[in-house]
Amino acid sequence: MNYLRTILLSWILIVAVFSGGLGAEEYRTMHNSEGSAIIAKVTDYDPAKGVSIQTRAGQKYKHVRPHFFSPEDQQYFQTWHAAREAAKDDARLTADAKIKMYVKSSRDNDLNDKGDPDNREVEYEPAITFDNKDKDLSYQDVEGTLVFIGQSVLDKSEYHILYRQDFTVSLPARERTKWAGRAFKNVYDDYGANGSAFGAEYEGYLLVLRDQKGRPVIVKASKSSWKSCIPAIMEANMKQGYSRDFSESFAKTVH
């Protein structure tokens with residue numbers, strides 16, 4: 001107790017106005033029981049253990065007893081705690097959310113038994129399994145997009161969009177959630193000896209979850225390079241061919 005009191009009494013009096021990078025909803029000027037001030041934000045509050053704060057300079061204090069703070073600050077801690085508890089059922093999705101994602105394609109790859117015998121008709125049943133590992137936070141109505149990308153059988157530097165589907169999913173705390181997309185068929189011919197080859201073979205996927213402002217915050221891809229060109233992949237035309245980084249578009253390669 002004396003050690004914590006010493007820390008709080010040693011605070012340097014700060015007279016400042018919130019700067020542009022300082023959010024009023026995060027940082028505030030707090031006072032200890034002796035009147036010294038510090039600019040900090042609450043990172044956790046447990047009525048039984050105390051309050052945890054982080055100063056603007058990055059210093060962290062954990063489980064400080066509330067009575068070391070002013071009555072106004074103590075009331076703020078209680079309000080902050082109540083708001084946080086209320087928000088747990090509809091938390092804001094962030095990049096550090098404890099969500100694991102597993103993509104399944106479940107495809108059936110067979111030679112075509114009608115028409116051109118060299119054609120392959122691949123049936124896909126896209127699906128995603130989400131594991132929300134957070135014990136408290138649930139995420140409601142999360143918007144995302146799953147994209148399957150193919151590589152041209154005629155030009156290995158050319159990529160096609162095979163499938164793209166937007167979805168909305170809710171992810172309760174400590175639960176596994178499954179999402180199933182629409183099934184689709186990819187037809188291509190990889191036998192080039194007779195000049196009949198066309199299309200693209202499945203190469204991988206890009207999976208994006210967006211926050212409430214529509215910004216990608218959680219991304220998983222079978223190729224790490226695709227994470228750097230998300231906007232281009234999301235806007236790509238399924239009728240066009242694209243460069244490896246999707247920065248260039250052109251007519252699909254044909255014989």
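The values are calculated or read from the model by the stated rules, or taken from the named source; none is laboratory data. Remember, it's a predicted structure, so these values are computed and weren't measured experimentally. Here the Cβ is made from the backbone with ideal geometry for all residues, glycine too, and neighbour counts use every protein chain on show.
Condition check ((1) buried (at least 16 other Cβ atoms within 10 Å of the Cβ); (2) out of contact with any helix residue (DSSP H, G or I) (no Cβ under 7 Å at 6 or more places or on another chain); (3) at pLDDT 90 or above) across all residues:
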{"position": "Asn2", "(1), (2), (3)": "no, yes, no"}
{"position": "Ile7", "(1), (2), (3)": "no, yes, no"}
{"position": "Val15", "(1), (2), (3)": "no, yes, no"}
{"position": "Gly23", "(1), (2), (3)": "no, yes, no"}
{"position": "Tyr27", "(1), (2), (3)": "yes, yes, yes"}
{"position": "Ala37", "(1), (2), (3)": "yes, yes, yes"}
{"position": "Val51", "(1), (2), (3)": "yes, no, yes"}
Considering only region 54-95, state which residues are charged (D, E, K, R) and touching a residue at least 60 places away in the same chain (Cβ under 8 Å). Arg65, Lys88, Arg92
Selection status of Tyr139, of a type in the set (Ser, Thr, Tyr), surrounded by fewer than 19 Cβ atoms within 10 Å (Cβ to Cβ) and over 30 Å from Asn194 (Cα atoms): no
Is region 241-250 home to any residue that is on the phi > 0 side of the Ramachandran plot, surrounded by 13 or more Cβ atoms within 10 Å (Cβ to Cβ), in contact (Cβ under 8 Å) with a residue 60 or more places away in the chain and not basic (Lys, Arg)? yes
Taking the criterion of being under 28 Å from the mean Cα position of the chain (by Cα), touching a residue at least 24 places away in the same chain (Cβ under 8 Å), surrounded by fewer than 19 Cβ atoms within 10 Å (Cβ to Cβ) and not in a strand (DSSP E or B), would at least one residue in region 187-206 satisfy it? no
Within region 212-250, can you find the residues that are under 14 Å from Ile149 (Cβ atoms), assigned to a loop (DSSP other than H, G, I, E, B) and of a type in the set (S, T, N, Q)? Ser222, Asn237, Ser243
Scanning for something buried (at least 20 other Cβ atoms within 10 Å of the Cβ), more than 20 Å from Tyr242 (Cβ to Cβ), at pLDDT 95 or above and assigned by TED's automatic domain parsing to the domain that holds Lys220, does region 150-167 turn up at least one residue? no
Taking region 207-239 as the search range and keeping residues that are buried (at least 16 other Cβ atoms within 10 Å of the Cβ) and closer than 30 Å to Gly192 by Cβ, which one is nearest to the chain's Cα centre (by Cα)? Ala221
Within 30 Å of Gly150 (Cβ to Cβ) and either out of contact with any strand residue (DSSP E or B) (no Cβ under 6 Å at 6 or more places or on another chain) or modelled with pLDDT of 90 or more (or both): does that describe Val103? yes
Would you check if there is a residue in region 74-84 being at pLDDT below 80 and among the aliphatic types (A, V, I, L, M)? no
